[in-house]
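Only one structure is covered here, and it is reproduced in the block below.
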Amino acid sequence: MSTGNDALRSRAVNPLSAIAIAVVATLGMLYVVSQFLRNSVGVIAPNLTAEMGLSPIELGLLSSIYFFAFAATQIPLGVALDRFGPKLCMLACIGFTVLGCVLFAAAQSAGSLTIARAMQGFGTASFLMVPCALYARWFPPERFSTFTGIQLGLGTIGALLATAPLAFATATIGWRMTFLVIGVSAAVVGVMIWLLITDDPPGHRTEPRHETLKESIAGVWHVIRAPSMGRVFLVQVAIYPSYVLVAGLWGGPYLTHVYGFGLKDRGNILLLAALAQVLGSFVWGPADRWFQSYKKPVLISGVLLLASLVIFAAFGRLPLPLLLADFVLIGFATGPLALVLAHGRILAPPHLLGRAITLLNMGAMGGGFLVQFLSGAIIEMFASGGGTYPLAAYQVVFGLQAVLVLIGLIMYFGSLDKYLGKESALR
């Protein structure tokens, strides 16, 4: 009897073929836009505060609302992926992304900035999940985490652009024009996707699943109830949000308020974290095949992440070499998103692929919203001097994130390591 994975393997495309390379490159360019937008506030936060008079709570909401909109979109996106196919979902989302960038560039108040930022989160919600769904259709199941890691590595170029290059662009043409350029870039990639990408490999076609609303909801519930899915979800909530908390939001103000770095210097330091995450995405992506396990490499990276947060929280004002090393460490340790998605994917049946990976992505982005929004409220509690906040405020925020990571790792340790059909528990 043929399984779902056997059927996918029988129609898999050669990963080194010209069409496969074109598909991966195009989808990677789209993810560059998503990564740039989600990480862009960290570098320009002091500029936005000065120009718009934003408080820490407003700044935290501005950055986090992206993740809230992104996360809220994941479950309906998963249903749409399984029912209507990846390409249509992606093209619709690109339109919202372009509009969000234009509105952000034109915003004149904190409220209009926040609305535009939410639209960006809604629009980019498919920019990782749709490629994951396409890779699952196009390539052998055992290559899923590798290609997802490549997608993350290519896309993290966007996180690089949101550091020193964004600082340079802000100083040169302003942050408003920079966001207009990003919107135009997203539109160009959308045209390329419309011309190049198909839902299935050449010569194959997957018929859309015409589910009733009741069947769609039942599918979501089936994924949620899958053994160990909750534990995998919790580690997702802990790991990736740590990066967006530090590099995506408070890293810039922390470097300015505690160390006195200006726009260029804080951009360069955040660039180190982004480069380390690019490296981590490529290193951790195929690590499941090296370990014959999803859990082992995720746990290793999680321990490294915990160590980096403890250093930020417990050691006060760090010497420059240790400061740079810690930003590198937090970038590298938050790179195994592909492994977590692959772990969750294997826990659900193939026809619920979209709902499985979007549920986990909701954990990553929902966690990003929670930690950024709550951290803004926490920092607001500390006395401000001339618009700056003390080291203790950042230590509390980073320390609480370390506690969240520890809880996530403890829960994940008890999950089933269902690696390519071979169930085991790492005890």
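The values are calculated or read from the model by the stated rules, or taken from the named source; none is laboratory data. Everything numeric here is computed off the predicted structure, so don't read it as measured data. In this analysis, Cβ positions are derived from the backbone assuming ideal geometry, glycine residues included, and neighbour counts consider all displayed protein chains. Just the protein is used for accessible areas: all its heavy atoms, side chains included, with ligands, DNA and RNA removed. Shrake-Rupley method; radii C 1.70, N 1.55, O 1.52, S 1.80 Å.
The table that follows gives values for the structure above.
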| item | result |
| --- | --- |
| Accessible area in square angstrom per residue, the chain, 1.4 angstrom probe | 37 Å² |
| Quotient of Cα Rg and 2.2 N^0.38 Å for the range 219-368, N being how many residues it contains | 1.13 |
| Length released on extending from Ala22 to Phe315, taking residue separation times 0.36 nm less the Cα-Cα span | 100.8 nm |
| Rg(Cα) / (2.2 N^0.38 Å) computed for the range 32-136, rounded to two decimals | 1.12 |
| Accessible surface of the chain [probe 1.4 Å, protein heavy atoms]: carbon and sulfur percent | 72 percent |
| Rounded tilt (10° steps) of 144-155 against the dominant C-alpha axis of the chain | 30 degrees |
| Acute angle (nearest 10 degrees) that the helix 174-196 long axis makes with the longest principal axis of the chain, alpha-carbon atoms | 10 degrees |
| Euclidean distance between Cα centres, the range 91-155 to the range 231-257, Å | 18 Å |
| 222 nm mean residue ellipticity, helices alone, for the chain (DSSP H n ≥ 4; -39,500 (n - 2.57); rounded to 500) | -25000 deg cm²/dmol |
| The chain: angle of helix 18-39 to the longest principal axis, Cα-based, in degrees nearest 10 | 30 degrees |
| Extended-chain gain in nm, criterion 0.36 nm per residue less alpha-carbon gap, Val184 and Ile57 | 42.7 nm |
| Contour minus Cα-Cα distance for Leu374 and Arg289 (0.36 nm per residue) | 26.9 nm |
| For the range 34-79: Kirkwood Rh in Å [reciprocal of mean 1/r, alpha carbons] | 11.7 Å |
| Relative contact order [Cα under 8 Å, 6+ residues apart], the chain, whole percent | 26 percent |
| Number of Lys pairs (Cα under 17 Å; 8 or more positions apart or on different chains) in the chain | 4 |
| Equivalent-ellipsoid semi-axes of the chain, from the Cα gyration tensor, Å, largest first | 34, 25, 19 |
| Normalised per residue, the volume of the convex hull around the Cα set of the range 143-192 (Å³) | 71 Å³ |
| Net charge, Gly302 excluded, C-beta distance under 14 Å - Lys, Arg +1, Asp, Glu -1 | +3 |
